[in-house]
Amino acid sequence: MTTATTPAIDLRSDTVTRPTPAMRDAIARAEVGDDQFGEDPSINRLQERAAELLGKEAALWVPTGTMANQVALRTLTRPGDDVITSRGAHAVWFETGAGAANAGVQFTEIGENGVFSVAEFLDACKPRDHLILPPTTVVMIENPHNRAGGIVFPQDEAAAICAAAHERGVTASLDGARLWNAAVASGRSAAELAAPFDLVSVCFSKGLGAPGGSLLAGSAEMIRRARRYRRMAGGAMRQAGFLAAACLHALDHHIDRLAEDHANARLLATELAASDRVRLDLATVQTNIVCFAVTDDAPDAATIVARARQRGVLLFALGPRLLRLVTHLDVDTAQCQRAARILREVIETPSAP
Ligand SMILES: *Cc1c(COP(=O)(O)O)cnc(C)c1O
(Lines give C-alpha, C1' and ligand atoms only; values in the text may rest on other atoms or scores of the structure.)
Protein backbone atom coordinates (compact mmCIF):
# COMPACT_ATOMS: atom_id res chain seq x y z
CA MET A 1 0.00 0.00 0.00
CA THR A 2 1.18 3.52 -0.76
CA THR A 3 2.31 5.42 2.29
CA ALA A 4 1.88 9.14 2.86
CA THR A 5 5.59 9.69 2.15
CA THR A 6 5.48 8.33 -1.43
CA PRO A 7 4.93 11.19 -3.90
CA ALA A 8 1.46 11.07 -5.43
CA ILE A 9 0.98 9.65 -8.92
CA ASP A 10 -0.60 12.73 -10.43
CA LEU A 11 -2.83 11.82 -13.39
CA ARG A 12 -5.12 14.88 -13.18
CA SER A 13 -3.56 16.57 -16.21
CA ASP A 14 -0.41 16.79 -18.31
CA THR A 15 -0.14 20.41 -17.11
CA VAL A 16 1.23 19.31 -13.70
CA THR A 17 4.75 18.52 -14.95
CA ARG A 18 7.77 20.33 -13.52
CA PRO A 19 10.68 21.32 -15.80
CA THR A 20 13.41 18.68 -16.00
CA PRO A 21 16.95 19.62 -14.86
CA ALA A 22 18.00 19.97 -18.53
CA MET A 23 15.04 22.26 -19.22
CA ARG A 24 15.90 24.38 -16.16
CA ASP A 25 19.42 24.66 -17.57
CA ALA A 26 18.04 25.91 -20.90
CA ILE A 27 15.88 28.44 -19.02
CA ALA A 28 18.86 29.69 -17.01
CA ARG A 29 20.95 30.17 -20.17
CA ALA A 30 18.18 31.85 -22.22
CA GLU A 31 19.03 34.95 -24.22
CA VAL A 32 16.24 37.47 -23.61
CA GLY A 33 15.10 40.95 -24.64
CA ASP A 34 11.92 43.00 -24.75
CA ASP A 35 9.44 41.00 -26.81
CA GLN A 36 7.10 43.98 -27.19
CA PHE A 37 9.91 45.61 -29.18
CA GLY A 38 10.33 42.30 -31.07
CA GLU A 39 13.75 42.01 -29.43
CA ASP A 40 13.57 38.76 -27.50
CA PRO A 41 15.87 36.40 -29.44
CA SER A 42 14.49 33.27 -27.79
CA ILE A 43 10.89 34.23 -28.54
CA ASN A 44 11.85 35.08 -32.12
CA ARG A 45 13.62 31.76 -32.53
CA LEU A 46 10.64 29.86 -31.12
CA GLN A 47 8.16 31.70 -33.34
CA GLU A 48 10.25 30.99 -36.46
CA ARG A 49 10.87 27.37 -35.55
CA ALA A 50 7.22 26.69 -34.70
CA ALA A 51 5.94 28.45 -37.83
CA GLU A 52 8.16 26.13 -39.86
CA LEU A 53 7.08 23.02 -37.93
CA LEU A 54 3.44 23.99 -38.45
CA GLY A 55 3.95 24.90 -42.12
CA LYS A 56 2.74 28.49 -41.65
CA GLU A 57 4.26 31.86 -42.60
CA ALA A 58 4.35 33.27 -39.09
CA ALA A 59 3.66 32.48 -35.44
CA LEU A 60 2.90 34.59 -32.38
CA TRP A 61 3.82 33.84 -28.78
CA VAL A 62 0.92 33.90 -26.29
CA PRO A 63 1.12 32.97 -22.61
CA THR A 64 -1.69 30.36 -22.62
CA GLY A 65 -3.73 28.15 -24.94
CA THR A 66 -6.90 29.86 -23.81
CA MET A 67 -5.50 33.19 -24.95
CA ALA A 68 -4.46 31.62 -28.27
CA ASN A 69 -8.05 30.52 -28.85
CA GLN A 70 -9.40 33.91 -27.76
CA VAL A 71 -7.01 35.85 -30.00
CA ALA A 72 -7.90 33.53 -32.89
CA LEU A 73 -11.62 34.24 -32.38
CA ARG A 74 -10.99 38.02 -32.21
CA THR A 75 -8.92 37.83 -35.39
CA LEU A 76 -11.45 35.78 -37.38
CA THR A 77 -14.86 37.04 -36.24
CA ARG A 78 -17.07 40.04 -35.54
CA PRO A 79 -19.49 40.26 -32.59
CA GLY A 80 -22.68 38.28 -33.29
CA ASP A 81 -20.95 35.73 -35.53
CA ASP A 82 -21.55 32.01 -35.22
CA VAL A 83 -18.66 29.59 -34.63
CA ILE A 84 -19.23 25.91 -35.42
CA THR A 85 -17.23 23.46 -33.32
CA SER A 86 -17.28 19.95 -31.87
CA ARG A 87 -19.49 19.04 -28.93
CA GLY A 88 -17.57 19.49 -25.68
CA ALA A 89 -14.98 21.83 -27.23
CA HIS A 90 -12.49 23.52 -24.89
CA ALA A 91 -13.42 26.94 -26.31
CA VAL A 92 -17.05 26.36 -25.29
CA TRP A 93 -16.68 24.47 -22.00
CA PHE A 94 -13.39 25.40 -20.38
CA GLU A 95 -12.77 29.10 -21.08
CA THR A 96 -15.32 30.62 -18.65
CA GLY A 97 -17.45 32.08 -21.42
CA ALA A 98 -14.52 34.02 -22.91
CA GLY A 99 -15.64 33.55 -26.53
CA ALA A 100 -18.89 35.37 -25.77
CA ALA A 101 -17.23 37.98 -23.54
CA ASN A 102 -14.19 38.81 -25.72
CA ALA A 103 -15.21 38.14 -29.31
CA GLY A 104 -18.99 38.32 -28.82
CA VAL A 105 -19.53 35.09 -30.72
CA GLN A 106 -22.02 32.29 -30.23
CA PHE A 107 -21.10 28.63 -30.65
CA THR A 108 -22.91 25.81 -32.40
CA GLU A 109 -21.67 22.45 -31.12
CA ILE A 110 -22.08 19.52 -33.53
CA GLY A 111 -21.10 15.88 -33.96
CA GLU A 112 -20.30 13.23 -31.39
CA ASN A 113 -17.22 12.11 -29.44
CA GLY A 114 -15.22 15.20 -30.38
CA VAL A 115 -15.55 14.73 -34.14
CA PHE A 116 -18.02 15.76 -36.83
CA SER A 117 -18.48 15.20 -40.55
CA VAL A 118 -18.53 17.58 -43.49
CA ALA A 119 -22.28 16.83 -43.85
CA GLU A 120 -22.90 17.86 -40.23
CA PHE A 121 -20.87 21.02 -40.80
CA LEU A 122 -22.87 21.93 -43.94
CA ASP A 123 -26.12 21.29 -42.06
CA ALA A 124 -25.17 23.72 -39.30
CA CYS A 125 -23.42 26.36 -41.46
CA LYS A 126 -25.47 29.55 -41.70
CA PRO A 127 -25.07 31.93 -44.66
CA ARG A 128 -23.80 35.50 -44.48
CA ASP A 129 -26.24 38.31 -45.32
CA HIS A 130 -29.30 36.39 -44.12
CA LEU A 131 -32.09 38.51 -42.62
CA ILE A 132 -32.29 36.60 -39.34
CA LEU A 133 -29.62 33.90 -39.10
CA PRO A 134 -26.29 34.58 -37.35
CA PRO A 135 -23.52 34.29 -39.97
CA THR A 136 -21.12 31.37 -39.52
CA THR A 137 -17.62 32.79 -40.00
CA VAL A 138 -15.41 30.17 -38.32
CA VAL A 139 -15.27 26.41 -38.04
CA MET A 140 -13.07 25.31 -35.14
CA ILE A 141 -11.70 21.80 -34.82
CA GLU A 142 -10.02 20.51 -31.66
CA ASN A 143 -7.33 17.92 -32.36
CA PRO A 144 -6.87 15.86 -30.28
CA HIS A 145 -10.16 16.44 -28.44
CA ASN A 146 -9.68 16.91 -24.70
CA ARG A 147 -13.14 16.20 -23.25
CA ALA A 148 -13.75 13.31 -25.66
CA GLY A 149 -10.68 11.51 -24.29
CA GLY A 150 -7.79 12.60 -26.49
CA ILE A 151 -9.38 11.35 -29.70
CA VAL A 152 -7.58 12.29 -32.95
CA PHE A 153 -9.74 14.05 -35.58
CA PRO A 154 -9.71 12.06 -38.86
CA GLN A 155 -7.49 14.14 -41.16
CA ASP A 156 -9.39 13.47 -44.41
CA GLU A 157 -12.60 14.69 -42.79
CA ALA A 158 -10.81 17.77 -41.36
CA ALA A 159 -9.49 18.63 -44.84
CA ALA A 160 -12.96 18.17 -46.40
CA ILE A 161 -14.58 20.36 -43.70
CA CYS A 162 -12.00 23.13 -44.15
CA ALA A 163 -12.40 23.00 -47.96
CA ALA A 164 -16.21 23.23 -47.66
CA ALA A 165 -15.79 26.09 -45.18
CA HIS A 166 -13.45 28.03 -47.47
CA GLU A 167 -15.88 27.62 -50.39
CA ARG A 168 -18.46 29.41 -48.24
CA GLY A 169 -16.12 32.17 -47.05
CA VAL A 170 -15.85 30.55 -43.60
CA THR A 171 -12.37 30.46 -42.02
CA ALA A 172 -10.98 27.37 -40.28
CA SER A 173 -9.25 27.41 -36.91
CA LEU A 174 -7.46 24.49 -35.23
CA ASP A 175 -7.31 24.20 -31.44
CA GLY A 176 -4.16 22.10 -31.39
CA ALA A 177 -3.27 22.41 -27.72
CA ARG A 178 -2.05 18.80 -27.95
CA LEU A 179 -1.34 18.76 -31.70
CA TRP A 180 2.09 17.20 -31.01
CA ASN A 181 0.29 14.20 -29.46
CA ALA A 182 -2.00 13.94 -32.51
CA ALA A 183 1.06 14.01 -34.79
CA VAL A 184 2.85 11.23 -32.91
CA ALA A 185 -0.34 9.13 -32.66
CA SER A 186 -1.28 9.49 -36.34
CA GLY A 187 2.20 9.35 -37.84
CA ARG A 188 1.49 12.62 -39.68
CA SER A 189 3.55 15.77 -39.26
CA ALA A 190 2.18 18.75 -37.32
CA ALA A 191 2.41 20.73 -40.59
CA GLU A 192 0.23 18.20 -42.38
CA LEU A 193 -2.36 18.29 -39.59
CA ALA A 194 -2.35 22.11 -39.62
CA ALA A 195 -2.31 22.53 -43.42
CA PRO A 196 -6.09 22.89 -44.06
CA PHE A 197 -6.48 25.58 -41.37
CA ASP A 198 -6.09 29.38 -41.47
CA LEU A 199 -4.99 29.62 -37.85
CA VAL A 200 -3.61 26.97 -35.50
CA SER A 201 -2.95 27.16 -31.76
CA VAL A 202 -0.48 24.91 -29.94
CA CYS A 203 0.55 24.55 -26.27
CA PHE A 204 3.93 23.77 -24.75
CA SER A 205 2.63 23.38 -21.20
CA LYS A 206 0.76 20.13 -21.78
CA GLY A 207 2.53 16.96 -22.92
CA LEU A 208 5.67 18.89 -23.89
CA GLY A 209 6.33 19.68 -20.23
CA ALA A 210 7.27 23.38 -20.44
CA PRO A 211 6.18 25.63 -17.55
CA GLY A 212 4.08 27.76 -19.89
CA GLY A 213 3.62 29.08 -23.38
CA SER A 214 1.46 28.72 -26.46
CA LEU A 215 1.60 29.95 -30.04
CA LEU A 216 -0.82 30.97 -32.72
CA ALA A 217 0.37 30.32 -36.30
CA GLY A 218 -1.01 31.39 -39.68
CA SER A 219 -0.39 33.75 -42.58
CA ALA A 220 1.83 36.79 -41.92
CA GLU A 221 -1.19 39.04 -42.45
CA MET A 222 -3.35 37.20 -39.91
CA ILE A 223 -0.57 37.06 -37.34
CA ARG A 224 0.00 40.80 -37.77
CA ARG A 225 -3.68 41.37 -36.89
CA ALA A 226 -3.55 38.83 -34.06
CA ARG A 227 -0.70 40.77 -32.41
CA ARG A 228 -3.07 43.67 -31.69
CA TYR A 229 -5.64 41.36 -30.04
CA ARG A 230 -2.92 39.76 -27.92
CA ARG A 231 -2.08 43.24 -26.61
CA MET A 232 -5.80 43.92 -26.00
CA ALA A 233 -6.05 40.71 -23.98
CA GLY A 234 -3.07 41.86 -21.87
CA GLY A 235 -0.93 39.04 -23.22
CA ALA A 236 2.00 41.01 -24.68
CA MET A 237 5.03 40.17 -22.50
CA ARG A 238 8.57 41.46 -22.06
CA GLN A 239 11.47 39.00 -21.37
CA ALA A 240 9.34 35.97 -22.16
CA GLY A 241 12.41 34.27 -23.64
CA PHE A 242 12.93 32.39 -20.38
CA LEU A 243 9.74 30.50 -21.19
CA ALA A 244 10.55 30.27 -24.91
CA ALA A 245 13.86 28.59 -24.04
CA ALA A 246 11.90 25.89 -22.20
CA CYS A 247 9.60 25.49 -25.23
CA LEU A 248 12.57 25.21 -27.63
CA HIS A 249 14.09 22.58 -25.35
CA ALA A 250 10.76 20.71 -25.38
CA LEU A 251 10.63 20.76 -29.20
CA ASP A 252 14.09 19.15 -29.27
CA HIS A 253 13.61 16.57 -26.52
CA HIS A 254 9.98 15.98 -25.60
CA ILE A 255 8.09 15.23 -28.82
CA ASP A 256 9.19 11.69 -29.73
CA ARG A 257 8.76 10.55 -26.13
CA LEU A 258 5.03 11.33 -26.29
CA ALA A 259 4.68 7.76 -27.62
CA GLU A 260 5.55 6.57 -24.09
CA ASP A 261 2.69 8.63 -22.65
CA HIS A 262 0.34 7.11 -25.22
CA ALA A 263 1.48 3.57 -24.32
CA ASN A 264 0.99 4.34 -20.61
CA ALA A 265 -2.52 5.68 -21.28
CA ARG A 266 -3.33 2.47 -23.16
CA LEU A 267 -2.01 0.39 -20.28
CA LEU A 268 -4.22 2.26 -17.79
CA ALA A 269 -7.22 2.04 -20.09
CA THR A 270 -6.80 -1.69 -20.79
CA GLU A 271 -6.60 -2.48 -17.07
CA LEU A 272 -9.64 -0.32 -16.23
CA ALA A 273 -11.74 -1.58 -19.16
CA ALA A 274 -11.36 -5.12 -17.76
CA SER A 275 -13.54 -4.11 -14.79
CA ASP A 276 -17.29 -4.72 -15.19
CA ARG A 277 -17.87 -1.45 -13.30
CA VAL A 278 -16.08 0.62 -15.93
CA ARG A 279 -17.50 1.84 -19.24
CA LEU A 280 -14.59 2.61 -21.52
CA ASP A 281 -14.29 2.24 -25.28
CA LEU A 282 -10.64 1.38 -25.92
CA ALA A 283 -10.96 2.72 -29.48
CA THR A 284 -11.19 6.24 -28.01
CA VAL A 285 -7.80 5.92 -26.28
CA GLN A 286 -5.55 7.28 -29.02
CA THR A 287 -3.23 9.70 -27.20
CA ASN A 288 -2.46 10.46 -23.52
CA ILE A 289 -6.00 10.93 -22.16
CA VAL A 290 -8.31 8.26 -20.73
CA CYS A 291 -11.94 9.24 -20.08
CA PHE A 292 -14.16 6.59 -18.53
CA ALA A 293 -17.53 6.22 -16.82
CA VAL A 294 -18.36 4.03 -13.83
CA THR A 295 -21.56 1.97 -13.50
CA ASP A 296 -24.26 2.60 -10.87
CA ASP A 297 -22.95 -0.16 -8.59
CA ALA A 298 -19.53 1.54 -8.33
CA PRO A 299 -18.86 4.48 -5.99
CA ASP A 300 -19.51 7.86 -7.65
CA ALA A 301 -16.73 9.90 -9.26
CA ALA A 302 -16.22 12.21 -6.24
CA THR A 303 -15.83 9.20 -3.91
CA ILE A 304 -13.39 7.51 -6.31
CA VAL A 305 -11.30 10.70 -6.53
CA ALA A 306 -11.23 11.06 -2.72
CA ARG A 307 -10.36 7.40 -2.06
CA ALA A 308 -7.72 7.31 -4.77
CA ARG A 309 -6.14 10.45 -3.33
CA GLN A 310 -5.82 8.74 0.08
CA ARG A 311 -3.92 5.98 -1.68
CA GLY A 312 -1.63 8.36 -3.57
CA VAL A 313 -3.32 8.52 -6.99
CA LEU A 314 -4.73 11.81 -8.26
CA LEU A 315 -7.35 11.98 -11.03
CA PHE A 316 -10.10 14.30 -12.20
CA ALA A 317 -13.92 13.96 -12.03
CA LEU A 318 -15.50 15.31 -15.24
CA GLY A 319 -19.05 14.50 -14.14
CA PRO A 320 -21.00 12.58 -11.46
CA ARG A 321 -19.88 9.24 -12.96
CA LEU A 322 -17.26 10.41 -15.47
CA LEU A 323 -13.51 10.48 -14.75
CA ARG A 324 -10.33 11.47 -16.58
CA LEU A 325 -6.70 10.32 -16.40
CA VAL A 326 -3.86 12.00 -18.30
CA THR A 327 -0.34 10.59 -18.67
CA HIS A 328 2.76 12.77 -19.01
CA LEU A 329 6.53 12.86 -18.58
CA ASP A 330 6.38 12.91 -14.77
CA VAL A 331 4.70 9.45 -14.53
CA ASP A 332 6.46 6.28 -15.69
CA THR A 333 5.11 2.89 -16.69
CA ALA A 334 5.56 1.33 -13.23
CA GLN A 335 3.61 4.18 -11.64
CA CYS A 336 0.82 3.75 -14.19
CA GLN A 337 0.67 0.02 -13.43
CA ARG A 338 0.40 0.80 -9.71
CA ALA A 339 -2.23 3.49 -10.34
CA ALA A 340 -4.31 1.08 -12.44
CA ARG A 341 -4.24 -1.53 -9.65
CA ILE A 342 -5.24 1.02 -7.01
CA LEU A 343 -8.03 2.46 -9.17
CA ARG A 344 -9.45 -1.01 -9.85
CA GLU A 345 -9.58 -1.68 -6.09
CA VAL A 346 -11.17 1.70 -5.34
CA ILE A 347 -13.79 1.29 -8.10
CA GLU A 348 -14.61 -2.30 -7.19
CA THR A 349 -14.98 -1.68 -3.43
CA PRO A 350 -18.65 -0.89 -2.83
CA SER A 351 -19.55 2.37 -1.10
CA ALA A 352 -20.37 2.07 2.60
CA PRO A 353 -24.17 1.65 3.02
C1 LIG B 1 -5.47 23.02 -22.22
C2 LIG B 1 -6.22 23.34 -23.45
C3 LIG B 1 -6.37 24.66 -23.88
C4 LIG B 1 -5.96 25.87 -23.08
O5 LIG B 1 -4.74 25.87 -22.54
P6 LIG B 1 -4.32 26.77 -21.26
O7 LIG B 1 -2.90 26.96 -21.51
O8 LIG B 1 -4.66 25.94 -20.06
O9 LIG B 1 -5.09 28.04 -21.29
C10 LIG B 1 -7.03 24.87 -25.08
N11 LIG B 1 -7.52 23.85 -25.80
C12 LIG B 1 -7.41 22.57 -25.41
C13 LIG B 1 -7.97 21.49 -26.27
C14 LIG B 1 -6.77 22.26 -24.21
O15 LIG B 1 -6.68 20.99 -23.82
Regarding segment 236-245, can at least one residue be identified that is farther than 30 Å from Asp81 by Cα, at pLDDT 95 or above and either β-branched (Val, Ile, Thr) or under 19 Å from the mean Cα position of the chain (by Cα) (or both)?
yes
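Would you be able to say whether some residue in segment 95-102 is closer than 30 Å to Leu282 by Cα and at pLDDT 95 or above?
Residues of segment 95-102 closer than 30 Å to Leu282 by Cα: 95.
Narrowing the set further to residues that are at pLDDT 95 or above leaves 95.
Within segment 95-102 (the criterion being closer than 30 Å to Leu282 by Cα and at pLDDT 95 or above), the answer is yes, since at least one residue qualifies.
Matching residues to (1) buried (at least 17 other Cβ atoms within 10 Å of the Cβ); (2) of a type outside the set (D, E, K, R):
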{"residue": "Phe107", "(1), (2)": "yes, yes"}
{"residue": "Ala119", "(1), (2)": "no, yes"}
{"residue": "Cys125", "(1), (2)": "yes, yes"}
{"residue": "Asn143", "(1), (2)": "yes, yes"}
{"residue": "Asn146", "(1), (2)": "yes, yes"}
{"residue": "Gly149", "(1), (2)": "yes, yes"}
{"residue": "Asp156", "(1), (2)": "no, no"}
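Residues in segment 74-93 that are within 15 Å of the ligand (Cβ to nearest atom) and in a loop (DSSP other than H, G, I, E, B): how many?
Final tally of qualifying residues: 3.
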Being open to solvent by 10 Å² or more (accessible area, probe 1.4 Å), under 16 Å from Ala220 (Cα atoms) and part of a helix (DSSP H, G or I) is the filter; apply it to segment 51-73 and report the residue that is nearest to the ligand (Cβ to nearest atom).
Leu53
Checked segment 9-33 for anything of a type in the set (D, E, K, R), over 28 Å from Asp175 (Cα atoms) and outside any helix (DSSP H, G or I); matches are Arg29, Glu31
Would you list the helices (runs of 4 or more DSSP H) that sit entirely within segment 139-233 and hold 1 or more residues that are among the basic types (Lys, Arg) and within 16 Å of the ligand (Cβ to nearest atom)?
220-232
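The values are calculated or read from the model by the stated rules, or taken from the named source; none is laboratory data. What you see is a predicted model; the values in this text were computed from it and never measured. Because the Cβ atoms are built from the backbone with ideal geometry, glycine has one as well, and the counts that use them run over all protein chains shown. Surface accessibility is based on the protein's heavy atoms, side chains included, excluding ligands, DNA and RNA. Shrake-Rupley method; radii C 1.70, N 1.55, O 1.52, S 1.80 Å.
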